1. If I filter region A:240-247 for residues that are exposed (fewer than 14 other Cβ atoms within 10 Å of the Cβ) and outside the structural domain of residue A:224 (by TED's automatic domain parsing), do I get at least one hit?
2. Mind listing whichever residues of region A:1-16 are part of a strand (DSSP E or B), surrounded by fewer than 22 Cβ atoms within 10 Å (Cβ to Cβ) and touching a residue at least 12 places away in the same chain (Cβ under 8 Å)?
3. How about region A:248-261: which of its residues are surrounded by 16 or more Cβ atoms within 10 Å (Cβ to Cβ) and either under 27 Å from residue A:221 (Cα atoms) or of a type in the set (S, T, N, Q) (or both)?
4. Being β-branched (Val, Ile, Thr) and within 12 Å of chain B (Cβ to nearest Cβ): is that true of residue A:156 here?
5. Name, by its number, the condition in (1) more than 11 Å from chain B (Cβ to nearest Cβ); (2) outside any helix (DSSP H, G or I) that does not hold for residue A:55.
6. Does residue B:224 satisfy being away from every other protein chain (no Cβ under 14 Å), surrounded by fewer than 22 Cβ atoms within 10 Å (Cβ to Cβ) and out of contact with any strand residue (DSSP E or B) (no Cβ under 8 Å at 6 or more places or on another chain)?
7. Mind checking which residues of region A:90-111 are part of a helix (DSSP H, G or I) and polar (S, T, N, Q)?
8. Just to be sure before I move on: is residue A:199 more than 30 Å from residue A:278 (Cα to Cα), among the aliphatic types (A, V, I, L, M) and within 14 Å of another protein chain (Cβ to nearest Cβ) in the structure I sent?
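The values are calculated or read from the model by the stated rules, or taken from the named source; none is laboratory data. The structure displayed is predicted, hence computed values, not measured ones. Cβ atoms come from the backbone with ideal geometry, glycine included; neighbour counts cover every protein chain shown.
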Amino acid sequence: MTAPFLHINGIRKTYGDVVATDHVELTIAEGEFMTFLGPSGSGKSTTLYILAGFQDPTAGDIRLRGRSILQTPSHKRNIGMVFQRYTLFPHLSVGENVAFPLRVRRMGQAEVTEKVKRALKLVRLDGFEDRMPARMSGGQQQRVALARALVYDPPVLLMDEPLSALDKKLREEIQHEIRRIHQETGVTILYVTHDQEEALRLSDRIAIFNRGKIEQVGTGPELYAGPATHFVADFIGDSAFLAGELDGIAGDQAGLRFADGTRVAGIPLHGAGRQGQAAELMLRPERVELTLEPGPQGRSLPVVVEDMTFLGNNTTVSARTGWGAALTVRLNFGHPLSAGLTRGDRLHIRWSPEAAHAFVKG
Amino acid sequence: MPATTAPRLRGSGFGFALPAILLLLAFFVIPVAMLLTRSLTEPEPGLQNYITLLGSTTYAKIFFNTFFVAGVVTAITVLIAFPVAWTLAILPKGWAAVLFAVILLSMWTNLLARTYAWMVLLQQTGLINRMLMGLGLIDQPLQLTNNLVGVTIGMVYIMLPFMILPLLGVIQKIDPAILQAAALCGATKGQALRRVLVPLAAPGIASGALMVFVMSLGYYVTPSLLGGTANMMLAELIAQQVQSLVNWGMGGAAAFLLLVVTLGLYAVQLRFFERGEAG
């Protein structure tokens, strides 16, 4: 077996007693777009900084094409990076900013001019060579930063929340540009964000970070359909969680009992659980259906309708379970139930077998 | 209406500045004007004071000494102050405060006391000579006082805070991420210093250098105590002319030339840096 293109091998970083990352293990294929997704302080940026060489890991190794890069100082790693803050050199024009990596490599002027031109064209800023960074918008500055990071053809491009300072519309526009640039250049990208939508939109695969560890790695659909942990289920998609306790475990499926004695059954169980242990039922809202009759094999719950909001293409129904937990269900426009629904109606929610997951608490 | 309120606002601002303006007028502008007048009228009307000053080799040497020492002091001060300011900017807060206090304390200590201290350290049997001889680096004590070497050492020490403070101001404003970006772009530490850090710190270097150079041009205490009579500088010449020789014409002419040079340098700095910063 050949060595993986990029191998983050058991990286651990501690500051005194604080563990920033703990045994982060990941392999990345050449040309892949890998996103580190997680809340702030989850270790995703620390991992990126270790890749950049700004920090040394306490333990572990990083190998690029089979060779460790940890002994190589930042300026010799030949890695590109776009930062969260604007880091263009304010005293240099756009052209000179992009030329900077080539100038420090003592490249000839003709080649510099040619490469700068090509890099600016790639980010659709051709003709901006003489503009000063201070006279450009935030979005333009980050595009110049992208050109500067790509102009020396680095094997790996690191991006540390590069769009977090921009407004939503601009962010989507540049996300689109980043996707296009990834496809055009084939560069391997490691992208850090806390925005799940951004991660889903851009990435080939996503690594979910939590408390210094990777909880799960997979494509967007994989993570959405098969979350390995409660954290992943909560972080990707907006799901409903109902707290109860395990009641009747059969193989990898479990039943749950709730506060008022209501039972559900046949739920895929994540993690080892004991009878009576606290657990949560997770339901993906778009796979939950409002019906007049209970579903088969315990895959349903009785609810009382509390409120309805018409939102054009759907009606959002707020409902409450028998023990008082709140749930929302969407009825598509034209759904037979949406017309006659009133507050206080007693109905059932039911779900297809793959839409529910049970997570052991603790 | 904005057209009428704006001038009134400007007028009230002028009111606040009035005491300072009156003070400057009474104790600076008028005396300078008197000095200029006396330099052009004593002992008799004409430019003879200026012609003597700019024409004779004795005075030329004094001018050379003054500008040479001021230039060397400025250059050495920049070279020492830059790493100090950088250290202050990147040290953890507590340590930076300690280092900063040391710098300020030395600045607040009496100037004469500090200069006499240097005389003690630099003299033939002083600590520095004895240490160098003890280490076997020299056989004979070095002549470190009563010459321009002593003046330069003493002035560099006194001028350092005036260079460190403006440098610290600009360096603290530089985002460390910009230097990280330079490193990932492939710049060595030296290249990052030359191509990024120094250009970004240039306004601070310029204003610190101007301050140190101008202060050095007119410095009196240190050159007279450490320089000896053979190595006179401009301020000593002015003092000598006015105090010993009661030659207000010559003293005034020298003082006025110094003022013109200072204003000229200030104009150059304004032209190249202040406007660039605003734009």
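1. no
2. Within region A:1-16, A:7, A:9, A:10, A:12, A:14 qualify.
3. The answer is A:254, A:255, A:256.
4. yes
5. Here residue A:55 meets the rest and fails (1).
6. Criteria met by residue B:224.
7. If the condition is that a residue be part of a helix (DSSP H, G or I) and polar (S, T, N, Q), then A:97, A:109 are the ones that fit.
8. Taking the combined requirement at face value, the residue does not satisfy it.
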